[in-house]
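The values are calculated or read from the model by the stated rules, or taken from the named source; none is laboratory data. On a predicted model such as this, the values are computed, not experimentally measured, just so you know. As a convention, Cβ positions derive from the backbone with ideal geometry for all residues, glycine included, and neighbour counts pool all protein chains shown. Side chains are part of the model used for accessible areas, which takes the heavy atoms of the whole protein and leaves out ligands, DNA and RNA. Shrake-Rupley method; radii C 1.70, N 1.55, O 1.52, S 1.80 Å.
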Amino acid sequence: MAVAVLSDIHSNYIALERCIEHVLSKGIKTFIFLGDYVGELAYPDKTMKKIYELSADYECYFIKGNKEDYWINYQNNRFVPLDNDSTTGCLLYAYKHLSERDMDFFKELPISQNITIGNMSQITICHGSPYKTNQKLLPDDEKTFEIMERMDSSLILCGHTHIQGKIENKGKIVLNAGSVGLPMYSGGKSQFLLLHEVDNQWKEEFVSLEYDLESAIKDIHTSGLDNHAPYWCMVTENLLRKGNVSHSMVLERAMSLCNDETGNCIWPNVPEKYWKQAVEEII
C-alpha cells in the first residue's frame, strides 16, 4: 500500500498533471492534498477541474491552506485585494477565476484532520500546523517540538514552507511534502511525497519530477496575469526556474524599503516602486 501526498499546487496545473501521472503509473490510488490549491500561476480553473476529476475516481483527502483563507476572507469583506498591484493582484486574479463550487469546496475544508488508512496508525494532516494554516513547522524549533508532543498521531504531514524535509522528535515525525507548484531549492522540478507501507510502518519517499515549467511560465504572460501583479509574477518566474527566492523574501524587503521611507508600511499597502527596488536587489 502507498499514498501520494501533494501540497502547495498554487495553480500549477501542468506540474500537478505530471505528478498525478507519475503516481498513477505506480498503481497508487490514494491521495492526500495539503492545501494552497490555487494562486500565483494562471488558469486556476484548470487546477480545480483536475482535483475534482481525481476525487471522483480515487480516494482523496483534503485540508485547507492559508491561500484558501484569502478567498474566504475576501468573499466575507474582510480583505480587499487590488488589481494591477504586486502585493494582491494575483489574489484578485485567482478569486475572479474561482466558481461557486470552488468556494463551497474551500469553505468545507478543515484546518487539520486525523486520518487512518487501511490498518495503519493514525496520521495528522495539515497545511502549516494542526492549529493554523500559516504556521510553519520548522526543524530545530522548540515551538514545532511542542506541537509534535501535543499530537496523538506519531506522524504529521504538512506543507506551507515549500521545502521538503523530515523532523524527528521523541518518537514523532513531521514530513513536509514540499510544493507541487512552486518548490524551493528543487532545481526547477515539481515535488511531492509518497508514503509506502513497510512492515506496518510508513516509509517516506521524497519525489522530484521534471515537467514543462516553461509552459507554466508562458501561461503567466499569455493569460495576462503578469499585468495584474507585475513584480509578484517576476518573483514567480524566478522561483519556478531557480527556486532560491520566495515571494515572502521579496515582500519583506519591499515592506522594509517602504517603512524606511514612509515610517509606516502596513500590508497590503506596499507601493509598486518598493516592489521594483526589492526585485532589483534580490533577483
Report yes if GLU197 is farther than 27 Å from LEU92 by Cα and acidic (Asp, Glu), otherwise no. yes
Tell me yes or no: at least one residue of the stretch 268-280 is surrounded by fewer than 16 Cβ atoms within 10 Å (Cβ to Cβ) and either assigned to a strand (DSSP E or B) or small (Gly, Ala, Ser) (or both). no
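Rundown of residues vs (1) more than 19 Å from the chain's Cα centre (by Cα); (2) in contact (Cβ under 8 Å) with a residue 24 or more places away in the chain, yes/no style:
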| position | (1), (2) |
| --- | --- |
| PRO183 | no, yes |
| THR222 | yes, yes |
| HIS228 | yes, yes |
| GLU237 | no, no |
| LEU240 | no, yes |
| PRO268 | yes, yes |
| VAL279 | yes, yes |
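Could you list, in sequence order, all residues of the stretch 1-27 that are of a type outside the set (S, T, N, Q), in a loop (DSSP other than H, G, I, E, B), out of contact with any helix residue (DSSP H, G or I) (no Cβ under 8 Å at 6 or more places or on another chain) and open to solvent by less than 10 Å² (accessible area, probe 1.4 Å)?
Passing the criteria: only ASP8.
Residue-wise test of (1) in contact with a strand residue (DSSP E or B) (Cβ under 7 Å, 6 or more places away or on another chain); (2) aliphatic (A, V, I, L, M).
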site	(1), (2)
ALA42	no, yes
TYR52	no, no
SER55	no, no
GLU59	yes, no
TYR70	no, no
SER86	no, no
TYR93	no, no
PRO110	no, no
ILE115	yes, yes
Select from the stretch 24-71 the residues that are touching a residue at least 40 places away in the same chain (Cβ under 8 Å) and charged (D, E, K, R) and write down the one among them that is farthest from LEU213 (Cα to Cα). ASP69
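Counting only residues that are open to solvent by less than 70 Å² (accessible area, probe 1.4 Å) and either of a type in the set (A, V, I, L, M) or in contact with a Cys (Cβ under 9 Å, 6 or more places away or on another chain) (or both), how many does the stretch 199-246 have?
18
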Can you name the residue in the stretch 169-184 that is part of a loop (DSSP other than H, G, I, E, B) and out of contact with any helix residue (DSSP H, G or I) (no Cβ under 7 Å at 6 or more places or on another chain) and is also farthest from SER246 (Cα to Cα) among such residues? GLY171
Using the structure shown, decide if GLY187 is open to solvent by 40 Å² or more (accessible area, probe 1.4 Å), touching a residue at least 24 places away in the same chain (Cβ under 8 Å) and either small (Gly, Ala, Ser) or farther than 19 Å from HIS247 by Cβ (or both). yes
Tell me which of these GLU68 doesn't satisfy, since it passes every other one: (1) under 16 Å from the mean Cα position of the chain (by Cα); (2) in a loop (DSSP other than H, G, I, E, B). (2)
